[in-house]
Amino acid sequence: MASHGAALLAGIVIGAVTGYVVGSPASAQREVTAAQQCQDAISDDGVQQPLAAHGQRALDAADPAPAGQSPGTPAWVGRPGAEAHILTGTSATVPITQNVAAGDALIVSIMLTSTCPAPLTVTDSRGSRYQLVADVFDTRHHRVAILAAFDVAALSTADHLAVTYVTASKYHVVVDEYRDIHSVAARATGLGESGGTSFGITGPTCRAGQLLVGAVGSNSGTGPLFEPGWADLPTVKLSSYWLTTGYQLVRTPGPCSLSGATTAQWGAVLAVLQ
């Protein structure tokens, strides 16, 4: 049964990459087919293999800082949106609850359950572009991702974000506003089963002045606690499922890492921003 589920899941990924034209009748049919394949794979008795190996993956090589951007000190501004629901569906709407300044960055952290590694998109009502920064899918059909939009248009409480995916039975979405970040320098992902005492991702050297943003999705056990030096942001919890987020300003060069304590099953994503 596990091999059957893995084959279905592979079909979803292949279908998502080829010929995905939004708005056409053919694309609509592909979306329906992908959703059904995802549901079939989830209902399979076998355990799916994750996209990334168990444990941790090295960070991607850092990109140079964008030319012409001000070298201000990155900082968290606030949380203009958060939503979490137990609701099987294909989308989530996140109202903006406090104004967002033009030129700031919005970092969207997402946890989906009973889902698949198929297309995941975020848009807002002002047309800012959100890119998938880091994404991990585990053996229990949980997915944790960070998406980012840099130099956004101003948003008010009349605006909203829309998140779309193939299917999920629960969603956690949090939106955090940061200033003085303009690009992705590196990223990392990791996952682990329950029964341990900690979580962790490590990578190569970060530069002083970069910003680390982390998100950990977990199920059962103790909620993740970041190591000292990280600023914890409000946790979003549904039943036994947690989405824990935080950030850290890099003050001295050294290995980029995200780690802490938990006894839960976990998936973690780390974004290095500048």
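The values are calculated or read from the model by the stated rules, or taken from the named source; none is laboratory data. As the structure is a computational prediction, the values presented were derived from the model and not from experiment. Neighbour counts run over all protein chains shown; Cβ positions are idealised from the backbone, glycine included. With ligands, DNA and RNA removed, areas are computed over all heavy atoms of the protein, side chains included. Shrake-Rupley method; radii C 1.70, N 1.55, O 1.52, S 1.80 Å.
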Query - Share of carbon and sulfur in the accessible heavy-atom surface of the stretch 117-175 [1.4 Å probe, %] - result: 48
Report task. Could you pull the accessible area for residue 104 with a 1.4 Å probe, rounded to 10 Å²? Result -> 20
Requested in this report: Calculate the length of the line joining the C-alpha centroid of the stretch 174-195 to that of the stretch 199-252, in whole Å.
Outcome: 8
Query raised in the report: Heavy-atom accessible area per residue, the stretch 175-221, 1.4 Å probe: how many Å²?
Result: 30
Report task. Between beta-carbons, use under 14 Å as the cut-off and find the net charge around residue 209, counting Lys and Arg +1, Asp and Glu -1. Result -> +2
Report task. Let me know the Rg and Dmax you get for the stretch 151-274 when you use only its Cα atoms, in Å. Result -> 15.3, 44
Query raised in the report: Once a ≥ b ≥ c are taken as the square roots of the eigenvalues of the Cα gyration tensor of the stretch 112-215, is the result rounded (a/c under 1.5), prolate (a/b larger than b/c) or oblate (a/b not larger than b/c)?
Result: oblate
